Amino acid sequence: MLNTPRQVLPGAWQITLPLPFELSSVNVYLVRLRDGWLLIDCGLGAEESFESLRSQSASLGVPLEAITEILLTHTHPDHVGQARRLLELTGARLSISRDELEQLLRLAGSDRSPVWLDRTLHQAGVPPELVTRIEVSFDKIRRNFQELTPDRILEAGDVMETAAGPLEVILTPGHSPGHVCLYSSEHRALFSGDHILETITPNIGWLPERDALGEFLSSMDRVTPREISRLLPGHGLPFTGHREWIVATRRHHDERCGQIVTSLRGGPRTAHELVGDLWARPLAPFHHRFAVFEVMAHLEYLRRLGRVKLEGDRGFDLWRV
Ligand SMILES: [Zn+2]
C-alpha cells in the first residue's frame, strides 16, 4: 500500500499504516518537538506496517531513530502492536494512561486469552464451541499485546510542548478504559484516537467493573465544549463537526438501548441471544465477540439506570426488564 504523509498542523503529519482487517488502515501522527519527534500511536505489529512507517517517516526526513517520545491514545492492537519494537529501536520515552497500562498488562504475555475473557463469554451465553472459535480468531491479534514500561503516566490536563504548540491530555474513557485525546487550543485541533471517528461508531465493549458506555457518553460531554475545527482521528481523514457527530452517536446508543429493552420485553435473554436479535445476519466469530461485548456494555449501562435486571444464578447471565 502506497501512502504518503499528510501535513495536518504546522509541525504535525498524519501517517496512514495498513491493517489486514476490514478496517483497512490506522493513523499514527508524527509531531515535531523542540528536540526530536513525538509519535502518537504506533500501528499494528506487522512487517508491512513497520516498513510503511519507516518509509513514510523517511520521506519527511525523519529516520525512526529521531523519535524521542511515543504516546499511546489507547492499547488496542492496531495502536499499540508496534510499540515495543519502536521503543527498542528508538529508546523513546513512553507516555500512556494508567488504565490503559493496566489493561495491556492484563492481556500481555499469554498465548491464550485471559481466563476472565473466556468466562465472560460463557457467562454471556455463548455456546462453548463458539467460544473456542472466537479464541482461535484472536490468535494472531494477541501477539500485539506485549508488556511495556512507561516513562510517564498521563493524567487529565497534562501538557506536552511541541512545535505544533502545547497539546493537552483529555481523558476520554469508553472505547477503552483509559483512552486519551490530545487537544491543541492554539490550532483548535483534537487528536481524537478512536474516541471520535468520522464514519465509524467507535466500538464500546464491556469491561469488568466498569460502565463503558456511561463513561463513553461522559467523555463525549468532556469534548463537546471544546472549540475544534479539525479532528485528527485514529482511522480516516481529518474532518470537522464534532458536536454534530456527538449528537448522532448519542442517538445511535439511545436507539441500541431501546432495541435491547424492546427485545427483553419479549422475555429474558442472554447477551448472546440479544446479538441474534439485533444483528440481521450471523456474524463471524471475531465479530460476534465484539457484538457480545457491545451488547453487554449497553446492558450494564441500562442496569445502572434501573431499566434492566440481571439474573446470574444459572451458570449464565439472563437479562430481563
Ligand atoms: Zn481502538
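The values are calculated or read from the model by the stated rules, or taken from the named source; none is laboratory data. None of the values given here were measured: they were computed from a predicted structure. Heads up, the Cβs are rebuilt from the backbone with ideal geometry, glycines too, and the neighbour counts pull from every protein chain shown.
Structural remarks
- Residue among 233, 225, 268, 285 that alone is within 16 Å of the ligand (Cβ to nearest atom) and not small (Gly, Ala, Ser): 233
- Within the range 97-120, being touching a residue at least 60 places away in the same chain (Cβ under 8 Å) and buried (at least 18 other Cβ atoms within 10 Å of the Cβ) holds for 97, 99, 100, 101, 103, 120.
- Exactly one residue among 177, 166 is more than 16 Å from the ligand (Cβ to nearest atom) and either of a type in the set (S, T, N, Q) or not in a helix (DSSP H, G or I) (or both), and that residue is 166.
- Filtered residue count, the range 197-215, keeping only those that are of a type in the set (A, V, I, L, M, F, W, C) and within 12 Å of the ligand (Cβ to nearest atom): 3
- Listed by first and then second residue, the pairs with beta-carbon distance under 7 Å, at least 6 apart or on different chains, first residue in the range 136-151 and within 16 Å of residue 87 (Cβ to Cβ), second hydrophobic (A, V, I, L, M, F, W, C) and in a loop (DSSP other than H, G, I, E, B), are 144/44; 145/108; 146/108; 147/108.
- For the range 1-97, the helices (runs of 4 or more DSSP H) that sit wholly inside it and include 3 or more residues that are under 22 Å from residue 154 (Cβ atoms) and outside the structural domain of residue 283 (by TED's automatic domain parsing) are 77-80, 83-90.
- Of residues in the range 67-103 being more than 16 Å from the chain's Cα centre (by Cα) and among the β-branched types (Val, Ile, Thr), the one nearest to residue 191 (Cα to Cα): 70
- Residue list for the range 289-321, filter: crowded, with 16+ Cβ neighbours inside 10 Å, of a type in the set (D, E, K, R) and in contact with a strand residue (DSSP E or B) (Cβ under 8 Å, 6 or more places away or on another chain): 317
- Leading residue by the ranking (surrounded by the most Cβ atoms within 10 Å (Cβ to Cβ)) among those in the range 54-96 that are more than 16 Å from the ligand (Cβ to nearest atom) and of a type in the set (Asp, Glu): 69
- Qualifying residue in the range 223-231 (condition: in contact (Cβ under 8 Å) with a residue 24 or more places away in the chain, loosely packed, with under 13 Cβ neighbours inside 10 Å, more than 28 Å from residue 133 (Cα to Cα) and of a type in the set (Ser, Thr, Tyr)): yes
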